[in-house]
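Worksheet: the structure to be examined is printed underneath.
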Amino acid sequence: MSEIDVQIERIEAELFPLYEHMEELKCKFIKETVIFAREWYKKTIKEYISKYPEVTLNMKEAKMVLMKNQVNELVRETENIVRDKLEKPVLWWHQQPRLHDSIEQYLQVADKYPEILDRAVRYALGRLGLILEEYGYNVAASSNKGSFFEFWFDHPLGADSASVPYYPHLLKWSEEMQEIVHEYNAMYLKAIAVFEKVQSLKDEKKRQQAMNRWDSI
């Protein structure tokens, strides 16, 4: 084994404990987001019931029972919904390490959360908008443009892509979610610095191999 191979192996070994810690933080963040979203659904449906009392009061009891059942089902499904949105490897650098990612992509400044994760959280919360839309609470969550007051949808891949329910308003994460992402960011900064060293050594190894091949002919 060449000296450069020894260096690559030694530095790569530094990455594994960082990746393990980042995976633990990812799992903790998803768990805390499930807790947060479950309570958020219950709190937000009540906010809209009181925000638009005329809609609520004009609704027949049977229809209100249906709506309540749908909300309760949404609450029961919270974990599946959150996992569907937050377990995508592209959201978590340690699962798909990339060399030229911004060092600020997991940075949290006050109540401005990392967009890469904030959007995923908002997609999970946006599922409530489908119920609000169905029962006439002045929300459009399925891209059904009309005389609605609030647009609860997003086009993740651009204007021509299919719309996805999305919560658009001011949002404050739980303290636990914020602390976990703060720690993930610290691990990310360490890991990407080590990753860059490894890539630099691998590039140097290729250059040496290219020169050796040239000199051997």
Query raised in the report: Based on what the data block shows, is residue 208 modelled with pLDDT of 95 or more, assigned to a helix (DSSP H, G or I) and of a type in the set (S, T, N, Q)?
Result: no
Report task. Among the residues of segment 90-108, write down those that are surrounded by 15 or more Cβ atoms within 10 Å (Cβ to Cβ) and under 13 Å from the mean Cα position of the chain (by Cα). Result -> 91, 92, 93, 105, 106
Query raised in the report: Mind checking which pairs have a first residue in segment 202-217 that is touching a residue at least 12 places away in the same chain (Cβ under 8 Å) and a second that is hydrophobic (A, V, I, L, M, F, W, C), Cβ under 8 Å, 6 or more apart or different chains?
Result: 202/8; 204/4; 205/4; 205/8; 208/4
Query raised in the report: For segment 43-63, what are the residues that are of a type outside the set (Val, Ile, Thr) and surrounded by 14 or more Cβ atoms within 10 Å (Cβ to Cβ)?
Result: 48, 52, 59
**Report entry** Residue pairs meeting the criteria (Cβ under 8 Å; at least 6 apart or on separate chains; first free of Cβ contacts under 8 Å to residues at least 24 places away in the same chain, in segment 1-12; second of a type in the set (A, V, I, L, M))
**Finding:** 9/1
Report task. Could you tell me whether any residue of segment 156-169 is of a type in the set (A, V, I, L, M) and either in a helix (DSSP H, G or I) or closer than 27 Å to residue 31 by Cβ (or both)? Result -> yes
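The values are calculated or read from the model by the stated rules, or taken from the named source; none is laboratory data. What you see is a predicted model; the values in this text were computed from it and never measured. No Cβ is skipped: glycine too gets one built from the backbone with ideal geometry, and neighbour counts run over all protein chains shown.
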